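None of the figures in this text is laboratory data; all of them are computed from the coordinates on show. Everything numeric in this text was worked out from a predicted model, so none of it was measured. For neighbour counting, all protein chains shown are included, and Cβ atoms are generated from backbone atoms with ideal geometry for every residue, glycine included.
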Amino acid sequence: MKQELTFDTIILGSGPAGFSAAIYAARGNLKTAIIDINMFGGQPSNYLEIENYPGFSLIGGFELMEKFEEHCDKFGAEKFPMVEIEKITLTDKVKSIETNDTIFKANSIIIATGASAQKLNIKGEEEFKGRGVSYCAICDGAFYKDKVVAVVGGGNSALEEAIYLTKFAKKVFVIHRRDEFRADKIVQQRAKENEKIEFILNTVPVEIQGTNTVEQIILKNTKTDEQSTLVVNGVFPYIGFSPNISMFSGQLQQNAQGFIETDGNMQTSVEGVYAAGDVRNTPLRQVITAAADGAVAACNAVKYIEQIKELEKV
């Protein structure tokens, strides 16, 4: 028999949006739970340094998320990390999240599950995952000391991770399908000034090859279709993100890429369900915007729960 735990609001995800929502919800006197299938901290926990979060000219990503969690603890939100979720039901009046031993129930859910790195979807990528293909330079960069690696992408993440990899690798190739980058100008400048970084533009990878580990990557020029071979020991794709929505996809309105649609109050198409941070359809995916989303979502969840409690008194 599974135990039942009831809350006013449950927050799915523990990155900046999730912790911010938990702070505002618990401070708003809601009985609040924050649940994650992973360890707490979300994606920023893997960032070596963050230099654009107000109040901290430079801070480690893990350290910043520790501060978020400490602040959350101050207001007494109940925490459930590393939870194996079996089923999520959002469309009922009372929402539920079911694990192997517990059914969590609440009238309000705030989805803050974030997004994950997109895959290249080319031959060899899955085969060499963990054996030369990595989606986290901070996690795996030290394995490539004095080796040659390739970073695929043209945004801030791609160039920042390329710069980080130069701490270990003797050469870092940045492969980008266009001749212009989406990254901020200051990040582009730092990458271009780094002697270990070489850019391969108007090019896409088509296959990753090797024996036991990655040995080379096959490239195609997007203008001429000419193919070439680049000898590398590792490949780090940073081509964008996909929303973490597999556990509840289809229960609420999403855009063509799967990101959750919300209004300005972070309200989704399902009453009592809010979305915040990278999981929603938003023009900017940064720690500061995720935290702001979480605050907006939680404040509106507080109003929603207060309305329910007032109706129950009548």
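Within the stretch 215-294, the trypsin sites (Lys or Arg not before Pro) that combine a DSSP coil assignment with at most 15 other C-beta atoms in a 10 angstrom radius are LYS223. Placing +1 on the Cβ of every Lys and Arg and -1 on the Cβ of every Asp and Glu, with no other charges, gives the chain a dipole of roughly 340 debye about its Cα centre.
Of all DSSP-defined beta bridges confined to the stretch 119-237, some 45% are antiparallel rather than parallel. Candidates ALA77, ALA275, ALA162 compared by Cα position along the dipole of the chain: farthest toward the positive end lies ALA162, with charges placed on Cβ.
Any idea what the relative contact order of the chain is, in percent, if you count C-alpha pairs under 8 Å spaced at least 6 apart? 21 percent.
Under a cut-off of 19 Å between alpha-carbon atoms, report the aspartates and glutamates in cross-link reach of LYS313, not counting same-chain residues fewer than 8 places apart. Leaving aside aspartates and glutamates fewer than 8 places away in the same chain, those within reach of LYS313 are ASP8.
Here's the list of lysines a cross-link from LYS119 could span, going by alpha-carbon distance under 26 Å and ignoring same-chain residues fewer than 8 apart: LYS87, LYS129, LYS145, LYS147, LYS167, LYS170, LYS171, LYS185, LYS192, LYS196, LYS220, LYS223.
Only helical DSSP H runs with n ≥ 4 go in: add -39500 (n - 2.57) per run for the chain, normalise by residue count and round the 222 nm mean residue ellipticity to 500 deg cm²/dmol. Rounded to the nearest 500, the figure is -7500 deg cm²/dmol. With 0.36 nm allotted per residue and the present C-alpha distance subtracted, the PHE62-GLN253 stretch has 65.5 nm of extension available. Bridges between two residues of the chain, per DSSP, are antiparallel at a rate of about 45%.
For the stretch 119-237, what is the relative contact order in percent, using Cα pairs closer than 8 Å and at least 6 residues apart in sequence? After rounding, I find 31 percent. Between LYS129 and GLU86, the FRET efficiency estimated from the beta carbon spacing at R0 = 22 angstrom works out to 0.30.
For the stretch 1-64, calculate the relative contact order in percent as a whole number, restricting contacts to Cα pairs under 8 Å that are 6 or more residues apart.
Relative contact order here is 28 percent.
Spin-label model, GLU51 to LEU284: label points 7 Å out along the Cα-to-beta-carbon direction sit 1.8 nm apart. If one computes P(r) from the Cα atoms of the chain, what percent of pairs lie at distances over 36 Å? Above the 36 Å cut-off, the chain has 26 percent of its Cα pairs.
Measuring from label point to label point, each 7 Å out along Cα→Cβ, what is the ILE218 to ASN194 span in nm? It is 2.9 nm. Couplings 3J(HN,Hα) for the stretch 206-220, derived from phi with the Karplus relation 6.51 cos²θ - 1.76 cosθ + 1.60 (θ = phi - 60°), are 10, 6, 10, 10, x, 10, 7, 9, 5, 10, 6, 10, 8, 10, 10 Hz, where x marks Gly and Pro.
Rounded to the nearest 0.05, the FRET efficiency derived from the C-beta distance between GLN118 and GLN307 at R0 = 45 Å is 0.70. Cysteines of the chain lacking any other cysteine Cβ under 4.7 Å from their own Cβ: CYS72, CYS299.
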